[in-house]
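What follows draws every value from the coordinates through simple rules; no lab data is involved. Computed from a predicted structure; not experimentally measured. Counting neighbours? That spans all protein chains shown, and the Cβs are built from the backbone with ideal geometry, glycine included.
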Amino acid sequence: MQEPKPVPPEWYWLEPSNTSHKRKNNNLTVYQPVNNTQSHCFGSIVLTTGKHYFTLLFEPLMCCVHGGIEDAKNVDHERFDSHFLNQINLRGLFEPGKGLGLSSQPAFEIGFLVDMDQKLLTVTNHPEKKIMVKKEFTWTSVRPVVYFKHEVSITITNGSSNIPSWLN
């Protein structure tokens, strides 16, 4: 069976919490041009039912870079404190034992399957079609979020509900 082709994202990044972080590419990319401060950025979509899959391209993936979901009822865009997100150490999943600092790879495309019915987030190595971690959550509505404090670029590469067959 042929995999569905990526479709243009159905959502975009909202304004980052700090002015040191910028958006470009029709708000599909959030980045920090100079290592200045930490910031978080929410996605514009709110998920309440069904299964949704999106992929993010991290260039590069390094320490202090997190991605996942957050309780959509957290309406205070200036404040962010997700214990859930901090438990999903992306760099540790994709480069175990490498320590802190820059990744040995220039970019990582990471998939996020959000199952609102099962209340389950599955993080994948999208190019390798590999499940990295599954994490339960209790929220009734969620939205994508990233947090980082280095010169990193995070681009939404696929923001649809097309779920790859290898995840079913």
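Distances between placed amide hydrogens fall under 5 Å for M132 paired with V123, T124, N125, all partners being 5 or more residues away or on another chain. Report note on the peptides 11-19, 144-152: ranked by the mean count of other C-beta atoms within 10 Å, highest first, their order is 144-152, 11-19. The simple spin-label model puts a point 7 Å past each Cα toward its Cβ; for S44 and E10 those points are separated by 1.4 nm.
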